[in-house]
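See below for the structure under consideration.
The values are calculated or read from the model by the stated rules, or taken from the named source; none is laboratory data. What you see is a predicted model, and the numbers here were worked out from it, not measured in a lab. Neighbour counts are summed over all protein chains in view; Cβ atoms, including those assigned to glycine, are modelled from backbone coordinates with ideal geometry.
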Amino acid sequence: MIAICLSSYNGEQFLQEQLRSIEKQSFGLENFVLIVRDDGSTDASFSVLQDFVNYTSLNVKLLRDRTNLGVKKSFELLLSKALEADAQYIMFCDQDDVWNQDKIEKSLSKMQEMENKYSEMPLLIHGDLQVVSDDLSVKASSFWKYQNVDPKKDTFNHFIFKNSVTGCTMMINRELAKKVKKIPNEAIMHDWWIAMVASVFGKIAYIDEPLMLYRQHGGNDTGAKKYGFRYIWNRFLAQDSLDKYIQQAKCFLDLYENELDAASKQMLQAFTQFNSLSKFRKIVLLFRYKLWKDGFVRNVGLVSMA
């Protein structure tokens, strides 16, 4: 059984279109369950969900608790409900995108391919996306190229400063879901945290094609900004603090210290002391553990902030 976890928040404008794209999946409807919760919306999102439950032939579990938990804790709750439902595989769904008709089918096929190689290991599958505007006009045929993301870089050190896994394309197996334990407040995002766990304790594989339409509009919590000089310059002007990366790494070390291999533990212990180091020693640490972002210009910015 596959569980699809969807968390909505003030998403009434596009939510119904997303739900219909799940309903139209080529994968047999009897083989998956849609677990949905509304995170305290002030618009009609919950009514949209209720209406969908009433008319769809899908197996839908609508959670009645509408406490505003925030996106990370909302998905943490949904993940726990998926485990309670004995799901063998879990997917994550945003409220405003549109899934390709064969998204589940292709994700499961890749997952089963990985299971044949890595039996009973925590596994994560993800894929590319088409970037579209609010009316679904295509802005970029590949999110990875649009953002200069390299999905091949999936070892633990690569996840310290960047996340190459987009949550709405993920499928994880039950072993990884159990290993995640929880998604702490220190996590930058739920998908980033799950990818970190997979990179340390399991395997990550990607599907080199778009699995869905990634809608960009004014209400996006996180959006796709085209990689280039203007993007880098705006980020540089914002002087994005490195504290959030350090806090996430420290929390990861605290939760998993007794389970980490020696190299991962050493890297995290060194990185959590980053702010106390001199400029020179910070740069040495970056080079020693290969703690880089994607793209030369991003890394120039990283070094300048160190």
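Tell me, which residue of region 131-184 that is among the basic types (K, R) and within 27 Å of D243 (Cα to Cα) is surrounded by the fewest Cβ atoms within 10 Å (Cβ to Cβ)? Checking each candidate, the answer is K152. Comparison of S41, S74 shows that the only residue that is more than 20 Å from the chain's Cα centre (by Cα), in the same structural domain as I194 (by TED's automatic domain parsing), buried (at least 17 other Cβ atoms within 10 Å of the Cβ) and over 23 Å from I204 (Cα atoms) is S41. If we scan region 90-109, do we find a residue that is farther than 22 Å from D128 by Cα and buried (at least 16 other Cβ atoms within 10 Å of the Cβ)? Looking for residues that are farther than 22 Å from D128 by Cα and buried (at least 16 other Cβ atoms within 10 Å of the Cβ), one finds none in region 90-109, hence no.
For Y146, are the conditions met, namely being over 24 Å from Q18 (Cα atoms), out of contact with any helix residue (DSSP H, G or I) (no Cβ under 9 Å at 6 or more places or on another chain) and in the same structural domain as D208 (by TED's automatic domain parsing)? Steps first, please.
Details: over 24 Å from Q18 (Cα atoms): no; out of contact with any helix residue (DSSP H, G or I) (no Cβ under 9 Å at 6 or more places or on another chain): yes; in the same structural domain as D208 (by TED's automatic domain parsing): yes.
In short, no.
For V53, the criteria (1) touching an Asp or Glu at 6+ places or on another chain (Cβ under 8 Å); (2) farther than 15 Å from I207 by Cβ hold in every case but one, which is (1). Within region 112-123, the set of residues being assigned to a loop (DSSP other than H, G, I, E, B) and exposed (fewer than 14 other Cβ atoms within 10 Å of the Cβ) comprises S119, E120.
Of everything in region 20-38 that's among the aliphatic types (A, V, I, L, M) and over 19 Å from the mean Cα position of the chain (by Cα), which residue is modelled with the highest pLDDT? Full working, then the answer.
Going through region 20-38, the residues among the aliphatic types (A, V, I, L, M) turn out to be 22, 29, 33-36.
Of the ones still in play, those that are also over 19 Å from the mean Cα position of the chain (by Cα) are 29, 33.
Working: L29: 73, V33: 93.
Among residues in region 20-38 that are among the aliphatic types (A, V, I, L, M) and over 19 Å from the mean Cα position of the chain (by Cα), the one modelled with the highest pLDDT is V33.
Please tell me if Y146 is among the hydroxyl-bearing types (S, T, Y), within 19 Å of the chain's Cα centre (by Cα) and modelled with pLDDT under 95.
Details: among the hydroxyl-bearing types (S, T, Y): yes; within 19 Å of the chain's Cα centre (by Cα): yes; modelled with pLDDT under 95: yes.
Taking the combined requirement at face value, the residue satisfies it.
Can we say T67 is under 26 Å from L136 (Cβ atoms), β-branched (V, I, T) and surrounded by fewer than 16 Cβ atoms within 10 Å (Cβ to Cβ)? Judged against the criteria, T67 is not a match. Of all residues in region 242-295, those satisfying the criterion of being part of a loop (DSSP other than H, G, I, E, B) and either touching a Pro at 6+ places or on another chain (Cβ under 6 Å) or more than 17 Å from E186 (Cβ to Cβ) (or both) are D261, L277, S278, K290, L291, W292, K293, D294, G295.
Go through region 1-43 and give me each residue that's more than 18 Å from G70 (Cα to Cα) and in a loop (DSSP other than H, G, I, E, B). M1, K24, Q25, S26, F27, G28 - these are the residues of region 1-43 that are more than 18 Å from G70 (Cα to Cα) and in a loop (DSSP other than H, G, I, E, B). Restricting attention to region 94-111, does a residue exist that is within 17 Å of the chain's Cα centre (by Cα), assigned to a strand (DSSP E or B) and in the same structural domain as K181 (by TED's automatic domain parsing)? Scanning region 94-111 turns up at least one residue that is within 17 Å of the chain's Cα centre (by Cα), assigned to a strand (DSSP E or B) and in the same structural domain as K181 (by TED's automatic domain parsing).
Can we say W192 is aromatic (F, W, Y) and within 22 Å of F252 (Cβ to Cβ)? Yes: the conditions hold for W192. The set of residues from region 1-38 being crowded, with 23+ Cβ neighbours inside 10 Å, of a type in the set (D, E, K, R) and over 19 Å from A87 (Cβ atoms) comprises just one member, D38.
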